[in-house]
């Protein structure tokens with residue numbers, strides 16, 4: 001469960017996230033959609049306590065992120081493809097993070113297997129292709145076997161096989177009762193992966209709905225999305241709000 | 001799934017603390033080849049200079065211990081750079097986001113880094129210092145007696161020269177946390193600690209005693225105070241070994257405290 005309430009973040013004069021409130025519930029994949037620069041990544045960083053909100057709050061698993069006792073075992077995150085030191089091996093990277101949250105060492109090889117990196121575990125991660133780097137990011141997110149997963153653009157750089165793999169992985173994680181929150185600007189991909197959608201534009205909530213509900217009023221989910229976000233582009237951000 | 005059961009059982013009790021985070025930082029430092037190269041070059045460079053000075057010593061009346069430790073000051077530079085990179089390489093690569101998502105109480109991260117880096121640079125610094133001392137003594141020409149650890153002030157000088165690596169390393173770590181960019185932080189470390197401090201020391205004699213490198217060279221690694229020719233007005237009055245150690249500790253502590261404060265306040 002992720003609960004955002006009036007979340008606001010400014011960078012100088014720019015309001016990146018503007019009084020954003022939404023819930024992400026367990027048991028289904030929730031897509032986080034918005035045009036580039038709409039505040040998706042900032043929201044993800046606010047959820048993880050990496051950036052401090054100027055107003056509002058966000059709770060994960062019932063607490064503020066900074067109050068979590070073993071963060072990696074409660075929340076797993078993929079924020080950027082290459083959030084690792086290029087000189088370290090995939091196994092070295094995961095082993096260090098596992099140690100920080102007292103996660104058993106055997107879990108490192110388990111997640112490397114799950115993402116298909118067992119054969120490359122000892123190679124320097126800096127030499128990885130973008131697809132392999134994404135897989136290492138997914139392994140990092142799964143490391144603590146968390147109930148809440150946040151993934152920022154996880155299919156970037158993946159080949160069609162990788163895209164399908166992520167889609168099925170996310171669905172199966174949600175089916176296990178986990179909270180899965182995935183940002184993307186690929187509407188077609190979200191139509192296939194997500195059940196629920198949180199749509200933002202210019203940092204504001206445009207819709208908190210289901211894929212079925214949103215696409216019902218339009219020819220396709222894509223059309224519905226453009227209709228919704230055109231409001232944001234024309235500085236009428238609240239116009240498309242539906243909830 | 002057994003791991004799920006164990007993990008959730010463990011998640012119910014306890015919380016991450018310095019022990020877990022220190023282990024993470026040790027695994028991080030250990031798993032980079034650059035760490036070992038930097039440390040190896042630090043030790044080799046320090047010892048080589050000690051040997052070179054030993055071979056070229058003609059004046060038996062000088063502070064032979066200080067001569068043998070002549071490689072410490074250049075060697076410190078690498079320890080300081082390692083300290084800087086321990087922090088800034090995480091920002092360069094984006095690893096910092098993974099680290100802080102794992103450990104949201106950020107000062108714990110810097111404390112763990114300081115513990116690991118401090119222990120490693122202390123061990124390596126003492127090794128470099130003692131080997132330099134013996135190697136520098138062994139290469140003295142015939143007729144010049146090598147200093148012995150049992151002589152007054154010698155053991156202290158060799159030991160404290162080794163601590164210099166640790167303290168400059170920690171100063172580098174603190175600067176890395178404050179500045180966050182590798183090149184800029186190394187520039188501040190080298191420019192500030194080596195160049196600017198030497199300049200200030202040369203221009204303003206009174207301040208010279210407090211400049212980090214001059215503390216290492218003239219307070220920590222000497223057995224006796226520098227003889228002053230021409231009266232106190234022209235000579236820097238260097239700190240005693242222990243006072244010098246205290247001032248150097250204070251520099252490292254201030255840099256780390258400011259670094260921890262900024263780390264906790266700034267967006268990652």
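The values are calculated or read from the model by the stated rules, or taken from the named source; none is laboratory data. What you see is a predicted model; the values in this text were computed from it and never measured. In this analysis, Cβ positions are derived from the backbone assuming ideal geometry, glycine residues included, and neighbour counts consider all displayed protein chains.
Data for the structure
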{"item": "Total residues in the range A:78-99, condition more than 7 Å from chain B (Cβ to nearest Cβ) and in a loop (DSSP other than H, G, I, E, B)", "result": "1"}
{"item": "Test: residue in the range B:235-248 that is modelled with pLDDT of 95 or more, under 30 Å from residue B:104 (Cβ atoms) and part of a helix (DSSP H, G or I)", "result": "no"}
{"item": "Residue ID - farthest from residue B:91 (Cα to Cα), chosen from residues in the range A:100-135 that are part of a helix (DSSP H, G or I) and touching a strand residue (DSSP E or B) at 6+ places or on another chain (Cβ under 8 Å)", "result": "A:134"}
{"item": "Some residue of the range B:140-147 being more than 14 Å from chain A (Cβ to nearest Cβ), within 17 Å of residue B:222 (Cβ to Cβ) and either in contact with a helix residue (DSSP H, G or I) (Cβ under 7 Å, 6 or more places away or on another chain) or at pLDDT below 95 (or both)", "result": "yes"}
{"item": "Test: residue in the range A:180-203 that is under 13 Å from the mean Cα position of the chain (by Cα), under 29 Å from residue A:22 (Cα atoms) and not assigned by TED's automatic domain parsing to the domain that holds residue A:33", "result": "no"}
{"item": "Residue B:34, sole failed condition from (1) facing chain A (nearest Cβ under 9 Å); (2) part of a helix (DSSP H, G or I); (3) in contact with a helix residue (DSSP H, G or I) (Cβ under 7 Å, 6 or more places away or on another chain)", "result": "(3)"}
{"item": "Residue match in the range A:33-53 (condition: in the same structural domain as residue A:190 (by TED's automatic domain parsing) and part of a strand (DSSP E or B))", "result": "yes"}
{"item": "So residue B:78, is it over 30 Å from residue A:150 (Cβ atoms), crowded, with 23+ Cβ neighbours inside 10 Å and without any contact (Cβ under 8 Å) to a residue 60 or more places away in the chain", "result": "yes"}
{"item": "Qualifying positions in the range B:163-191 - surrounded by fewer than 21 Cβ atoms within 10 Å (Cβ to Cβ) and within 20 Å of residue B:246 (Cβ to Cβ)", "result": "B:163"}
{"item": "Residue check, residue A:66 out of contact with any strand residue (DSSP E or B) (no Cβ under 9 Å at 6 or more places or on another chain) and either within 9 Å of another protein chain (Cβ to nearest Cβ) or over 20 Å from residue A:173 (Cβ atoms) (or both)", "result": "yes"}
{"item": "Which listed residue, of A:139, A:77, A:81, A:90, is in contact with a helix residue (DSSP H, G or I) (Cβ under 6 Å, 6 or more places away or on another chain), surrounded by 24 or more Cβ atoms within 10 Å (Cβ to Cβ), within 23 Å of residue B:109 (Cβ to Cβ) and touching a residue at least 60 places away in the same chain (Cβ under 8 Å)", "result": "A:77"}
{"item": "Helices (runs of 4 or more DSSP H) (entirely within the range B:57-138) containing at least 2 residues that are within 14 Å of chain A (Cβ to nearest Cβ) and over 17 Å from residue B:253 (Cα atoms)", "result": "B:72-93, B:95-102"}
